[in-house]
Amino acid sequence: MKRLWKYQDQTLEVTMEAIGDSFELKIGEQKYITHIAEIRPNLYSVSIDGRVYEVKSEKIKSDKSYLSIFRLLFKNQDLKVELINPTKQHAGNLVAASGGSEQIYPPMPGRVIKIVVKVNDSVKSGDTLLILEAMKMQNEIKASIEGKIKSISVSEGAVVDPSVSMIEIAPDPSKD
């Protein structure tokens with residue numbers, strides 16, 4: 001899986017490939033073997049080429065649905081990194097053409113552990129829609145707009161990819 005990450009003024013192309021219970025991480029031409037284990041929510045043990053680090057992660061709210069911003073505490077440094085999801089960026093540009101519905105995409109490949117909502121449920125921005133397990137971590141996928149669940153195209157246990165929409169939310173017309 002190839003992703004674009006932005007750190008300071010630098011955009012990096014990062015490729016991550018699962019190898020057993022580890023990952024090969026390629027940043028530019030550099031390759032690293034990594035293993036990630038969740039110690040508790042937002043705290044991870046990360047092994048990079050055999051060296052183990054403790055990393056704290058906090059997702060920061062972004063006003064752009066295609067951009068995920070994370071604050072990482074790593075090796076006594078406070079880092080802000082941005083994950084750019086071009087699929088969601090492109091989908092965001094199509095919202096008006098699709099009647100204003102918001103498509104919810106997974107941030108990375110993973111397995112749907114639990115679907116919290118049903119079709120026609122009302123949701124607010126920030127409400128949890130489903131739980132996705134990726135890289136041995138559980139991630140809450142949240143609504144980015146207020147509205148009603150129009151469709152759910154995945155089921156519990158399904159393996160999902162960032163190029164495929166999982167849930168469609170029709171915006172609440174009274175919030176325009």
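At a glance:
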read-out: Cα gyration tensor, the range 2-84 - rounded (a/c under 1.5), prolate or oblate; value: oblate
read-out: Selection of GluC sites (Glu not before Pro), the range 1-51, meeting DSSP coil and at most 14 other Cβ within 10 Å; value: GLU29
read-out: Karplus-derived 3J(HN,Hα), 6.51/-1.76/1.60, for each residue of the range 2-18, Hz, glycine and proline x; value: 9, 9, 9, 10, 10, 10, 6, 9, 10, 9, 10, 8, 10, 10, 10, 10, 6
read-out: Phi-based couplings in Hz for the range 113-119 (Karplus 6.51, -1.76, 1.60; Gly and Pro marked x); value: 8, 8, 9, 8, 10, 10, 4
read-out: Residue order, fewest to most beta carbons within 10 Å, for SER57, SER155; value: SER155, SER57
read-out: Whole-number percent relative contact order across the range 2-84, with pairs defined as alpha carbons under 8 Å at least 6 apart; value: 22
read-out: Integer Hz, Karplus 6.51/-1.76/1.60 couplings in order for the range 141-151, x for Gly and Pro; value: 9, 10, 5, 9, 9, 8, x, 10, 5, 8, 7
read-out: DSSP-loop trypsin sites (Lys or Arg not before Pro) across the range 102-165, with at most 14 other Cβ within 10 angstrom; value: LYS118, LYS124, LYS136
read-out: Relative contact order %, the range 102-170, counting alpha carbon pairs below 8 Å whose residues are six or more apart; value: 43
read-out: Nonlocal amide H pairs with ALA158, under 5 Å, H built at 1.01 Å; value: VAL112
read-out: Loop-resident sites, the range 130-171, for GluC sites (Glu not before Pro), counting at most 15 other Cβ within 10 Å (DSSP); value: GLU156
read-out: Net charge over other residues, Cβ less than 12 angstrom from the Cβ of LYS136 (K, R count +1; D, E count -1); value: -2
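Values quoted throughout were computed directly from the atomic coordinates according to the rules given, and no laboratory measurement underlies them. Owing to the predicted nature of the structure, the values given are computational and were not obtained by experimental measurement. Every residue, glycine as well, gets a Cβ built from its backbone with ideal geometry; the counts of neighbours run over all protein chains shown.
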